[in-house]
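These notes are about the structure you will find just below.
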Amino acid sequence: MNTHIPKQNIIISIIVCVSLLLLYVAFLTIPAASLAQFNMVVRPLVFAILAALVFAFNGKDMRMARGVYTINLMAVLAVVILGVAMLAFAFLFGVILNPMAPNAGVILNNLWNNGTVVLLGAYIQYKLVKKSSDEKQTVLITILTITFALTYMGGLRAAIGIGLTMEFFFVSIFRPLLISASASYFAIKGGYLSVVLVNFAYSMILYLLPFVPDITAIAIALLVSGALLAANIISHFIASEKSPAARIRQRRIARYTKKPIGGYVSFGAILLVLVAFFSGMFPIYPLVVLTSSMEPAISRGSLAFIQRVDADEVYERVGEGYIIHFESGGVPYIHRVVGHWYNHHNVRHYITQGDAGAGPDPYPIPPGDVMGIARATLPFFGFPYIFFRSLTGGFN
C-alpha cells in the first residue's frame, strides 16, 4: 500500500533549508576563535542529524532509476576529467605547495571537517532532489541546489572584511553553485554514488592535494569549473534518453525548417552597431575603468562613456572639474581636471588628479593628449573585460 504524502518532501526540504541557512549564518558570524570547534563539531553534527531525519522519512530506494549505471559511469568520467586537467596544468605550469593542505595532519583535519559534511550533504541532497524530481517540483529543486551550494561557500566569511572581489566570486560563489547544480543533475538522473563522486571530488580536491598547479586561485577555480562543465556536457549527451537516430532526425528537421530572414538581418545589424560602438567608431565610445583612482565618483570595473573631443576644441570644451580621458606616456588615464598650467608658448595644459589620489598627477596634460570627456558611467559592466584581462595573467 502506497502511503506517500506528496507534501512530506516539501516539509522536510523546508526544515533542511532553514537549518542549513541558520548554520551558514552562524558560520559567518561566530568569532574566529570558535571557528575550529564549529567546523569540527557543530557542522558535522547538524548534517548528521539532518541526514538521519531525511532517512527516517524517505528510507531506502526501493527501485533503481533508469540509466543509473550509465550516470554512475559518467560521474566516474567527471572525476577522471578533473584529475587529467589538474595533471595537465601541473605539467604546463609546475606545482606549488597547497596552503590549504600542506601536510598529512591538515589533510586529515580537512577530511573530517569538510569531507564529512560533503558526504552527508550529498546524501541529503540526493534524497530530497530525487523525491522532488518525481513530484515535478522544479522550484524546490532550485532552492535545494542553492542552499547546498551555500554550505560550501566558506570564502564569503573572509570577503566580509575585505569586500567581494572577482576572485572570491569564482572561487567561493560560482564554483560551489556549479558543483551543487551538477550534484542535483546527477541526483535526478542517477543514484547516490554519482552524487557522492561529483560532490566529493570537485569540493574536496583542493583540501586533499598537498601540491597544486602553479596558477592563481581564480585560474584554479576556473579550471575546476571548466572540467565539471565538460563532464556535464558529455554526460548529458551520452545519457540522453533519445537514441542517436532520433537526435539525427531532430537535427534534420531543424535544418530544413524555414527561418525568417528579417530576424537574421536585424540580428546582424545590431551586432555590427555594437562592434562599431565598442571599437570607438562613434562620437561617444566606451572605456573600462581598470583602477580605483577615481573612487568614489567612478569605481573600478565601471564602464565609462566618453564624448570624443578634437584637439582644437579642447580649450573651449574642457574646464576645471571635468573628468577627462587622456594619455600620458602612452598610458590611458581617466582623471579629473583640478587646475591649469601655461607653458612658455602660452598653451594651456591641464593639471589632473584622481579623486582617490593624495596629490595631482606629476605631469600637466597638453590639449593634444586629451581624448574625451566622461559623460556617464555604468558600475560593474566593465568587470567581464577585467576578468579576461586578468585571466591571461593568471595562467601565465
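In region 31-40, which residues are over 26 Å from the mean Cα position of the chain (by Cα) and surrounded by 14 or more Cβ atoms within 10 Å (Cβ to Cβ)?
Matches in region 31-40: F38, M40.
One line per residue, one yes/no per condition, for (1) in a loop (DSSP other than H, G, I, E, B); (2) outside the structural domain of L223 (by TED's automatic domain parsing); (3) surrounded by fewer than 16 Cβ atoms within 10 Å (Cβ to Cβ):
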| site | (1), (2), (3) |
| --- | --- |
| H325 | no, yes, no |
| Y333 | no, yes, no |
| R336 | no, yes, no |
| N346 | yes, yes, yes |
| A358 | yes, yes, yes |
| G368 | no, yes, yes |
| I373 | no, yes, no |
| F380 | yes, yes, yes |
| F387 | no, yes, no |
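How many residues does region 267-311 hold that are among the charged types (D, E, K, R), farther than 16 Å from F326 by Cβ and out of contact with any Leu (no Cβ under 9 Å at 6 or more places or on another chain)?
Start the filter on region 267-311 by keeping residues that are among the charged types (D, E, K, R), which leaves 295, 300, 308, 310.
Within this subset, residues satisfying the condition of being farther than 16 Å from F326 by Cβ are 295, 300.
Then drop every residue that is not out of contact with any Leu (no Cβ under 9 Å at 6 or more places or on another chain), which leaves 295.
Qualifying residue count for the region: 1.
Only one of L128, L120 is under 18 Å from P176 (Cβ atoms) and crowded, with 23+ Cβ neighbours inside 10 Å. Can you tell me which?
Numbers: L120 fails: crowded, with 23+ Cβ neighbours inside 10 Å.
Criteria check complete, one pass: L128.
Conditions: (1) surrounded by fewer than 19 Cβ atoms within 10 Å (Cβ to Cβ); (2) within 22 Å of the chain's Cα centre (by Cα); (3) touching a residue at least 60 places away in the same chain (Cβ under 8 Å); (4) assigned to a helix (DSSP H, G or I). M100 meets all but one. Number of the miss?
Answer for M100: the failing condition is (4).
Report whether or not G301 is touching a residue at least 12 places away in the same chain (Cβ under 8 Å) and either within 14 Å of I373 (Cβ to Cβ) or not small (G, A, S) (or both). Please lay out each step first, then the result.
Working: touching a residue at least 12 places away in the same chain (Cβ under 8 Å): yes; either within 14 Å of I373 (Cβ to Cβ) or not small (G, A, S) (or both): no.
Considered against the rule, which asks whether it is touching a residue at least 12 places away in the same chain (Cβ under 8 Å) and either within 14 Å of I373 (Cβ to Cβ) or not small (G, A, S) (or both), G301 comes out as no.
Free of Cβ contacts under 8 Å to residues at least 12 places away in the same chain and closer than 25 Å to F278 by Cα: which single residue out of V314, V331 fits that description?
Details: V314 fails: free of Cβ contacts under 8 Å to residues at least 12 places away in the same chain.
Residue meeting the stated conditions: V331.
Among what's in region 13-34 and is in a helix (DSSP H, G or I) and β-branched (V, I, T), pick the residue that is farthest from V139 (Cα to Cα).
For region 13-34, the residue satisfying everything is T29.
The values are calculated or read from the model by the stated rules, or taken from the named source; none is laboratory data. Predicted, not measured: the structure shown is a model, and the values here were computed from it. So basically every Cβ, Gly included, is an ideal-geometry build from the backbone, and we count neighbours across all protein chains shown.
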